[in-house]
Structure formats: C-alpha cells, structure tokens
1. Is any helix in the chain, taking whole DSSP H runs, at least 18 angstrom long along its axis by alpha carbon and on average at least 0.0 on the Kyte-Doolittle scale, and which ones?
2. Taking Rh as the Kirkwood radius computed over C-alpha pairs, what is the Stokes-Einstein D of region 5-203 at 20 °C in a medium of viscosity 1.002 mPa s, expressed in µm² per second?
3. Using per-residue counts of other Cβ atoms within 10 Å, averaged over each peptide, order 19-28, 160-169, 59-68 from highest down.
4. Going by C-beta contacts inside 10 Å, put 152, 198, 193, 47 in order with the fewest on the left.
5. Among 132, 38, which comes first, then next, by fewest other beta-carbon atoms within 10 Å?
6. Can you sort 154, 70, 75 from fewest to most other Cβ atoms within 10 Å of each residue's own Cβ?
7. Name the lysines eligible as straight-distance cross-link partners of residue 67: C-alpha to C-alpha under 21 Å, and not fewer than 8 places from it in the same chain.
Amino acid sequence: MEELKSGTTTVGIKFKDGVVLAADRQASMGYLVAHRRFKKIFPVTDEIALAMSGSVGDAQMILNFLKSEMKLYEMQKHKKPSVKACATLLANIMFSSRYFPYYIQLLIAGRDEDGYHVYTITPDGASVEDKFIAAGSGSVVAYGLLEDKYKEDMDMKEAVNLAVRAISVATKRDIYTGEGIDVLVITKEGIRELKEEEVKGLVS
C-alpha cells in the first residue's frame, strides 16, 4: 500500500508583531483522500511551532524528537531555545539522512529574543529564513498570491487573512490540498490556534 502522505500546502508569514502558520487538512494516499481532518501544525515550545508537509510518519517522528530535544535544551541551558536553534537542529537531522532522506518539508516559526522568524527546512538539510514561505504540493500556487500581496508592515489580521487566502487558492488548483484550513498565530502573548468559525469567516 502506498505510504500515507499529506500532499499539502503550508504557509508561514512574518508580520509586524508576530508570525502566522496555516495549512490545509487533507492527508492523501496516492489519489485517495485518506484523512479529511489531519492536523499539520503543532506547537514545539510555548513560543515555537512547526508545520509539516510530506510523509506523515517521517514528520511525526521528527516532531516528537524535536519537542524532546527542545525540552532538554531548556532544562540544561536554563533558557528558552531560539527559533534558529530549532531550525539548525532540524537541518542537521535532515542533512545527516540526505542519502536516505525523510520525505518531508518543514516550516518552523516562532518568537525569541531576536524577534519573530520563519524558516523552511528541506529534505537535503537546507535551512532558509524568509518573511513568508510556502511549502508542499500547492506551494507554487500559494507563492503567486504571497508575492503579490505581502507587505512588511502587515498587522495580525492582514497576515492571517493572507495566509488563509494562500491556502484557499491552493485548494482550487492542487489535488492534494483541501478539506479545510488550520491557522496558528504566535505573538508576545504566546501561541493561539484560531477557531474553525474564525477561519471559515475569512474563507467566505
């Protein structure tokens, strides 16, 4: 049986006072929709979160490992890990397995002493920070909207709206993207996941 995959579109956007992550919910197995409400965005710490695309098993294993390592980091260093530290650890894991790669692309986003950050981690171990990032099978479609509409001085409402729109347009052109949208916002107040009613209001 073909491996369970979340063909997916994920988006990360840095705005004036925070960062937003958004993803669709569809998990695919070839041309079969295996799950309609599969979660792809997860908190790693109380100020850092991860969005996954690709092989579900690979992504879940990496997530569990990362959460454990960040807890150990905080206990040993007596301070919270930076977003860059998370991204570097993920990049090292992916690079060490580049000959037998994990079939995933990850977005890591959050807040630390240096501000707000969004990184993408590719299967070959590359770590790239940017103001906005799209990953997954629908990323080409999402990037078209992000390139056109992104502004550096966006507030939270504008950034959330743009993230939801980027996932929404991908659902219309990518067969592996669909079944709703999850949105998570990170600000100085911490991590907040938008309620389904809030997201539906933006989509409509």
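Quick note: the coordinates plus some simple rules give every number you see, no bench work behind them. Since the model is a prediction, treat every value here as computed from it, not as a measurement. In this analysis, Cβ positions are derived from the backbone assuming ideal geometry, glycine residues included, and neighbour counts consider all displayed protein chains.
1. Values: long enough: 56-77 (31 Å, -0.22); 83-96 (20 Å, 1.43); 156-173 (26 Å, 0.26).
Membrane-span-like by this rule: 83-96, 156-173.
2. Working: Rh = 16.5 Å.
Roughly 130 µm²/s, to the nearest whole number.
3. Working: 19-28: 26.4, 160-169: 23.2, 59-68: 16.3.
Those peptides, ordered most packed to least, come out 19-28, 160-169, 59-68.
4. Numbers: 152 9, 198 12, 193 16, 47 21.
By the 10 Å Cβ count, ascending, the order reads 152, 198, 193, 47.
5. Numbers: 132 24, 38 21.
With the fewest neighbours first, 132, 38 line up as 38, 132.
6. Values: 154 21, 70 18, 75 8.
Least to most surrounded, the residues fall as 75, 70, 154.
7. 39, 40, 77, 79, 80, 84, 188
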